[in-house]
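Novice: Handing you this structure, nothing more for now.
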Amino acid sequence: MDTIKKIPLIIDTDPGDDDAVSILWALSCDKFDVKALTIANGNVGLDKCAINALRTLEVSKRIDIPVYKGAWKPIMIPAQDASWIHGEDGLGDAGFPLPQTPATPGYAPVEMVRIAKESPEPITILALAPITNVALAILLDADFKNHVKEVVFMGGAVAVPGNTSPGASFNVAADPHAASIVYNSGIPVVQVGLDACDQVTQRWEDLDEIGQAGTAVADFVVRMMEFRRDKAVKIIKNEKGEVVACMAANEEAGRGKTGIGLNDLTTTAYLVNPGWFKVREVAMDIETGGLTPGRTTADFHGLWGRKPNCTFAYGVDGPALVRRWVEDMKAFRP
Amino acid sequence: MNENKRRAIIIDTDPGVDDAASLFWVLTNPQFDIKAITIANGNVSLDQCAINALKILEAAGQSHIPVYIGAPDPLLRPTVDAAWVHGNDGLGDAGFPTPRVLATPGYAPAEMARIAAECGDITILALAPLTNVALAVRLDPDFKKHVKEILFMGGAVRVPGNESPAASFNPAVDPDAARIVYRSGIPVVQLGLDVCDKVREMPEDFEKLAAAHTPVTDFILRMLAFIRSKARRVYTDESGQVTGVDAVQDSAGVGLNDLTATAYLIEPGWFKTRALYIDIDTAGLCPGQTVADFRGMWGKQPNALWAYDVDARALVDRWVADICAYRPV
């Protein structure tokens, strides 16, 4: 069926266990023509993220897809990571072998511009990391925005608490200035952030079901998730050093002991089937100052006098999404 | 009623039609010992707010309660008003007569500190930007020990703001004052848009007020005619295209926000609350935003009781009943 046009896609990513499973899902779907993985500094350092992207491509037998490394730090602020949830190596410290393939030479933002301009159709960018690379591409080339259909972004928290500060989610908090550049660029942004992601749970039985498939992909997914499942804990102390809060990956968003939330997977799901989501067009801006930099502020009542720049996802059919992901992972035999 | 059992309160207010509706409600309830009404700059100018408070006390027959005028401007920023909601005179431009009684000499924050020290256990119902309360906190280091709690109409946590996309009017007008108060150590009960947005006064409620036909119900209905028909604000982009419209009266009724905050004084059992650490954003896109730390990420003990749900009908029914039953002293 070569008459069906595939969606030309760049995945900007910082693997990250939930990035890795999202890349696997995108590669398992016929719907996408993945042009490149561009690597952002985020969940762990840039080089580790590149290694994990290459590991994921090797498991998928898709080393034909280039991996370009991007900016090594955020635009204005020091880098922060999320190794508490992803493990020191970003893939749950499961001891996966180093990849045999190297990253492809080239700077991610430059390659992003080139690929977008070479594509006959405007490209879609699935942004699963702090969006430093996308912001730099916008700043490099004034015409870039005309070659991008939309940026589907895992980031933001509007009516729910943040996961990195009380008001901001990780990918925006880690580079608020980059997010501000992207949201104000004129490129349509689909914000699939914590408002939707918090509604989705991958239950233990879902992970077990994938594991029972016994494939190389299934083994990779299940081993990678053991850390998040059993060990990922962040202790918060006050000035006196007393423990005041304890965040666990499986308790985020009130999931309790039933499962985990693989946020990037929910964002990727928007490209797999937008019909699972409830969305609303809104003017959205990014806080770069104040108490919680990286907060996404939505103007629901039009007080700013701006036209919508963002499709905000506020609802999702979590069970349908997870079921489809489980089926796709079980069936993915590269 | 035994004088000792009455609860000592100060009402810090910027009347304002919903302030007026709230003041009448408290004045009808003998369990409160209203020590003073302190006037804040807010909905309309300071002097106009003071005149309005005096008009309300006169209509209620309680002109013995002192009215102290407070700070004319926010701590650090230019003042902002809400005349679009309240009318130019703050009471719906209904042409009420000038009051005969004058405001009492004295600065509101100083009087607030004095009264708090005398009572030792005062409750402050704060229906305006918190400039006066912040100044009292700064004037007297012991002030915080003399205040039981501050019931504050302000904030928006899970809902949009009404002054900017993320901030409600009272903290948006003086974010710095709000930060001083929230960080002062005085317990704050935040009765903001999260609960106020759920409460609507309906046409049938106003019909009941009209049927009672007392001086107070007549005052309230005359005052509310403006917001029930004219109060409207339109937002446009650079090309003049409308991006949003605010109307106080919508298909679901009228929202008198201060009334919802006042209801917590009357019957806290109508509310669902949660203890949280809340801070006030003074910079960024939406100064005055109330940021709640639900997950303890800031490593702080709770400083506020955040009201997130309310029995709206019980509250409005009680307000209507109390107002209808009241006969000026």
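Novice: Go through (1) in contact (Cβ under 8 Å) with a residue 24 or more places away in the chain; (2) within 29 Å of B:Thr290 (Cβ to Cβ); (3) over 21 Å from the mean Cα position of the chain (by Cα) for A:Glu209 and report which single condition fails.
Specialist: Only one criterion is unmet by A:Glu209, namely (2).
Novice: Look at region A:1-25 and say how many of its residues are assigned to a helix (DSSP H, G or I) and either at pLDDT below 95 or crowded, with 24+ Cβ neighbours inside 10 Å (or both).
Specialist: Count: 8.
Novice: Any idea which residue in region B:277-329 is nearest to B:Pro30 (Cα to Cα), counting only those that are away from every other protein chain (no Cβ under 14 Å) and among the small types (Gly, Ala, Ser)?
Specialist: The residue in question is B:Ala325.
Novice: Also, quick follow-up: Among the strands (runs of 3 or more DSSP E) lying completely within region B:171-254, list those that include at least 3 residues that are surrounded by 18 or more Cβ atoms within 10 Å (Cβ to Cβ).
Specialist: Filter on region B:171-254 gives B:188-190.
Novice: With respect to A:Ala248, determine if the residue is in contact with a Gly (Cβ under 8 Å, 6 or more places away or on another chain) and surrounded by fewer than 22 Cβ atoms within 10 Å (Cβ to Cβ).
Specialist: It is false that A:Ala248 is in contact with a Gly (Cβ under 8 Å, 6 or more places away or on another chain) and surrounded by fewer than 22 Cβ atoms within 10 Å (Cβ to Cβ).
Novice: For B:Ala113, are the conditions met, namely being closer than 21 Å to B:Ile34 by Cβ, at pLDDT 95 or above and in contact with a strand residue (DSSP E or B) (Cβ under 8 Å, 6 or more places away or on another chain)?
Specialist: Criteria not met by B:Ala113.
Novice: A follow-up question, please. I'd like to check something: does region A:100-123 contain any residue that is in a loop (DSSP other than H, G, I, E, B), buried (at least 22 other Cβ atoms within 10 Å of the Cβ) and touching a strand residue (DSSP E or B) at 6+ places or on another chain (Cβ under 7 Å)?
Specialist: No, there is no match, as no residue in region A:100-123 is in a loop (DSSP other than H, G, I, E, B), buried (at least 22 other Cβ atoms within 10 Å of the Cβ) and touching a strand residue (DSSP E or B) at 6+ places or on another chain (Cβ under 7 Å).
Novice: A further question follows. Inspect region B:70-80 for any residue being in contact with a strand residue (DSSP E or B) (Cβ under 6 Å, 6 or more places away or on another chain) and over 27 Å from B:Val234 (Cβ atoms) and give the result as yes or no.
Specialist: yes
Rundown of residues vs (1) touching a Leu at 6+ places or on another chain (Cβ under 9 Å); (2) in contact (Cβ under 8 Å) with a residue 12 or more places away in the chain; (3) within 30 Å of B:Trp298 (Cβ to Cβ); (4) not aromatic (Phe, Trp, Tyr), yes/no style:
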position: A:Val192; (1), (2), (3), (4): no, yes, yes, yes
position: A:Asp195; (1), (2), (3), (4): no, yes, yes, yes
position: A:Gly214; (1), (2), (3), (4): no, no, no, yes
position: A:Asn273; (1), (2), (3), (4): yes, yes, no, yes
position: A:Ala298; (1), (2), (3), (4): no, yes, yes, yes
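Novice: Is it the case that some residue within region B:306-329 is crowded, with 18+ Cβ neighbours inside 10 Å, aliphatic (A, V, I, L, M) and more than 24 Å from B:Gly92 (Cβ to Cβ)?
Specialist: Checked against the condition, which is being crowded, with 18+ Cβ neighbours inside 10 Å, aliphatic (A, V, I, L, M) and more than 24 Å from B:Gly92 (Cβ to Cβ), region B:306-329 yields at least one hit.
Novice: Let me ask something else about it. Check every one of the strands (runs of 3 or more DSSP E) wholly within region A:253-316 and list those with 3 or more residues that are in contact with a helix residue (DSSP H, G or I) (Cβ under 9 Å, 6 or more places away or on another chain) and within 13 Å of chain B (Cβ to nearest Cβ).
Specialist: A:277-286, A:310-316
Novice: Consider region A:24-64. How many of its residues are aliphatic (A, V, I, L, M) and under 21 Å from A:Ala174 (Cα atoms)?
Specialist: Here the count works out to 8.
The values are calculated or read from the model by the stated rules, or taken from the named source; none is laboratory data. The shown structure was predicted, so the numbers you read here are calculated from the model rather than taken from an experiment. Backbone-built Cβ (ideal geometry, glycine too); neighbour counts: all protein chains shown.
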